[in-house]
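Following: one structure in structure tokens, then a few remarks.
Please treat every number below as a calculation from the coordinates, not as lab data. Everything quoted here is computed from the prediction, not taken from an experiment. Cβ placement follows ideal geometry from the backbone for every residue including glycine, while neighbour counts extend to all protein chains displayed.
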Amino acid sequence: MRKIATINGSDIIELDDGSVRFFAGATIDGDGANGQFGQPPCYAPASYEGQTLDILANAGEPGNWYGVITSTGKKTGKPIVQKKTDPCPGAYVSATSLYLPGKNGEPLPDSSPLKYVDSATYPFFPVPPLLPSAVLCHFPWTHCLFT
């Protein structure tokens, strides 16, 4: 067992089996949920007639988007709207840091709602990059200390 870092006063410990233990606060969002498995999408414009998982304000606002993919790839672009052939036509494409390849292993375009792991189906959380033994696709064990 060894201490590998400290974040906000909490030690990050690597255990002898290679697992990592740390305590941290958390916020929950639905980024990446684009209706890939039939659930509602995370974000959509006011004109969208279906249900969404989150309010659009949590994806940003015109000129400062951070929860959706934009036409320019920058915060100032216009949000990409899912096409008729996508899981939730008319909803915005929401991204995650965890993404999937296409059917043949090729990278999917950022504008594809199928590129991103559906956070409504597969809950996950990002791990700080300073944790050398933590891998983006590992499944964590979490525990709420307040319930």
Practice problem: Those residues that are closer than 19 Å to Ser111 by Cα and in contact with a helix residue (DSSP H, G or I) (Cβ under 7 Å, 6 or more places away or on another chain), I need them from segment 25-43; list them, please. | Solution: Tyr43
Self-check item: Unique match (being crowded, with 18+ Cβ neighbours inside 10 Å, of a type outside the set (A, V, I, L, M, F, W, C), touching a strand residue (DSSP E or B) at 6+ places or on another chain (Cβ under 7 Å) and closer than 14 Å to Tyr116 by Cα) among Gly35, Gly30
Solution: Gly35
Quiz item: Do you know which residues across segment 5-40 are within 23 Å of the chain's Cα centre (by Cα) and acidic (Asp, Glu)?
Solution: Asp29, Asp31
Practice problem: Quickly run through segment 102-122 and pick out the residues that are hydroxyl-bearing (Ser, Thr, Tyr) and either surrounded by fewer than 19 Cβ atoms within 10 Å (Cβ to Cβ) or assigned to a loop (DSSP other than H, G, I, E, B) (or both). | Solution: Ser111, Ser112, Ser119, Thr121, Tyr122
Practice problem: Output the qualifying pairs, or none if there are none: Cβ atoms under 7 angstrom, residues six or more apart or on different chains, first residue in segment 6-34 and under 30 Å from Ala91 (Cα atoms), second residue part of a strand (DSSP E or B). | Solution: Gly32/Tyr116; Ala33/Pro41; Asn34/Pro41; Asn34/Tyr116
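Within segment 50-76, which residues are in a loop (DSSP other than H, G, I, E, B) and either among the β-branched types (Val, Ile, Thr) or surrounded by 15 or more Cβ atoms within 10 Å (Cβ to Cβ) (or both)? Give the derivation first.
Quick first cut of segment 50-76, residues in a loop (DSSP other than H, G, I, E, B) only: 50-55, 62-63, 66-69, 71-76.
If the condition is that a residue be in a loop (DSSP other than H, G, I, E, B) and either among the β-branched types (Val, Ile, Thr) or surrounded by 15 or more Cβ atoms within 10 Å (Cβ to Cβ) (or both), then Thr52, Leu53, Asp54, Ile55, Gly67, Val68, Ile69, Thr72, Thr76 are the ones that fit.
Considering segment 78-88 alone, what residues qualify as being of a type outside the set (A, V, I, L, M) and surrounded by 15 or more Cβ atoms within 10 Å (Cβ to Cβ)?
Step one: list which residues in segment 78-88 are of a type outside the set (A, V, I, L, M), which gives 78-79, 82-88.
Matches in segment 78-88: Pro79, Gln82, Asp86, Pro87, Cys88.
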